[in-house]
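Undergrad: Quick one: the structure is below, and I'll ask about it shortly.
The values are calculated or read from the model by the stated rules, or taken from the named source; none is laboratory data. Not measured: the values here are computed from a predicted model. Cβ atoms come from the backbone with ideal geometry, glycine included; neighbour counts cover every protein chain shown. Ligands, DNA and RNA are excluded from the accessible area calculation, which covers all protein heavy atoms including side chains. Shrake-Rupley method; radii C 1.70, N 1.55, O 1.52, S 1.80 Å.
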Amino acid sequence: WRGSKNAPITILTYSDFQCPYCKQLNATLKDLLAKRKEGVRVVAKNFPLPSHPEAAMAAQAAACADDQGRYWDYHDLLFQNQQQLAVVDLKRYAAQLGLDTTQFDRCLESGCRREAIEQEMAEAAREGINGTPGTVINGYWISGSPSLSYLEEVIADIEKGNAPRVEEAPGNG
């Protein structure tokens with residue numbers, strides 16, 4: 001997660017590293033966190049789509065980077081390089097970030113993070129998410145890639161104790 005550990009607003013994002021709308025949402029959430037440092041926590045969840053052949057391995061690679069405390073750096077690097085997510089690229093990004101490449105390669109090649117990714121996908125399905133990005137803000141589900149202003153409206157409604165007006169946002173992979 002990013003943001004404030006005890007934030008009253010928790011945003012779960014189910015995403016796919018090959019999804020262009022997820023990349024857009026990632027940038028929007030970074031902007032939101034910059035504006036609201038203490039009141040929001042963003043939790044990343046994986047939902048690699050079958051239509052994106054390199055997304056599942058990229059999700060596993062991000063989990064392997066997390067083993068070395070560099071999840072978010074790796075996560076952002078994957079979104080910056082969405083068109084280059086072959087295994088050789090994933091290993092190159094680990095080296096670029098200064099990770100222990102032997103440990104990273106062993107983790108990635110073993111597939112030891114696959115089950116955790118599959119559990120997140122099952123969790124998304126239970127939430128009713130069937131595409132990316134899927135966002136849940138304090139229990140309210142938003143499909144697609146919402147704008148910063150829309151997220152701020154939803155959060156303001158939640159903070160006032162009102163049920164937010166939740167609609168499908170533009171873009172859904």
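Undergrad: Among the residues of the range 121-151, write down those that are loosely packed, with under 14 Cβ neighbours inside 10 Å, modelled with pLDDT of 90 or more and under 22 Å from residue 62 (Cβ atoms).
TA: 122, the sole residue that qualifies.
Undergrad: So for the range 124-131 (the condition being under 21 Å from residue 14 (Cα atoms), among the small types (Gly, Ala, Ser) and touching a Lys or Arg at 6+ places or on another chain (Cβ under 9 Å)), does at least one residue qualify?
TA: yes
Undergrad: Related question: When you check residue 113 against the structure, is it farther than 20 Å from residue 143 by Cβ and touching a strand residue (DSSP E or B) at 6+ places or on another chain (Cβ under 6 Å), yes or no?
TA: no
Undergrad: Applying the selection to the range 58-98, what residues are farther than 20 Å from residue 132 by Cβ, surrounded by 15 or more Cβ atoms within 10 Å (Cβ to Cβ) and polar (S, T, N, Q)?
TA: If the condition is that a residue be farther than 20 Å from residue 132 by Cβ, surrounded by 15 or more Cβ atoms within 10 Å (Cβ to Cβ) and polar (S, T, N, Q), then 68 is the only one that fits.
Undergrad: Can residue 23 be described as in contact (Cβ under 8 Å) with a residue 12 or more places away in the chain, in a loop (DSSP other than H, G, I, E, B) and surrounded by fewer than 24 Cβ atoms within 10 Å (Cβ to Cβ)?
TA: no
Undergrad: Pairs needed: first member in the range 92-111, within 14 Å of residue 58 (Cβ to Cβ); second member anywhere, assigned to a loop (DSSP other than H, G, I, E, B) and of a type in the set (A, V, I, L, M); C-beta distance under 6 Å; at least 6 residues apart or different chains.
TA: none
Undergrad: Of the residues in the range 26-53, how many are of a type outside the set (A, V, I, L, M), open to solvent by less than 60 Å² (accessible area, probe 1.4 Å), in a loop (DSSP other than H, G, I, E, B) and more than 16 Å from residue 141 (Cα to Cα)?
TA: 3
Undergrad: Which members of the range 65-79 meet the condition of being free of Cβ contacts under 8 Å to residues at least 60 places away in the same chain and out of contact with any helix residue (DSSP H, G or I) (no Cβ under 8 Å at 6 or more places or on another chain)?
TA: 69, 70
Undergrad: Also, quick follow-up: When residue 169 is evaluated against the numbered criteria (1) modelled with pLDDT under 85; (2) open to solvent by 20 Å² or more (accessible area, probe 1.4 Å), which criterion, by number, is the only one it fails?
TA: (2)
Undergrad: Then there's this: When you scan the range 121-143, how many residues do you find that are part of a loop (DSSP other than H, G, I, E, B) and among the charged types (D, E, K, R)?
TA: 1
Undergrad: Here is a follow-up. Every residue in the range 99-120 that is open to solvent by 60 Å² or more (accessible area, probe 1.4 Å) and either closer than 13 Å to residue 68 by Cβ or in a helix (DSSP H, G or I) (or both), please.
TA: Selection gives 100, 102, 103, 106, 109, 110, 113, 114, 115, 118, 119.
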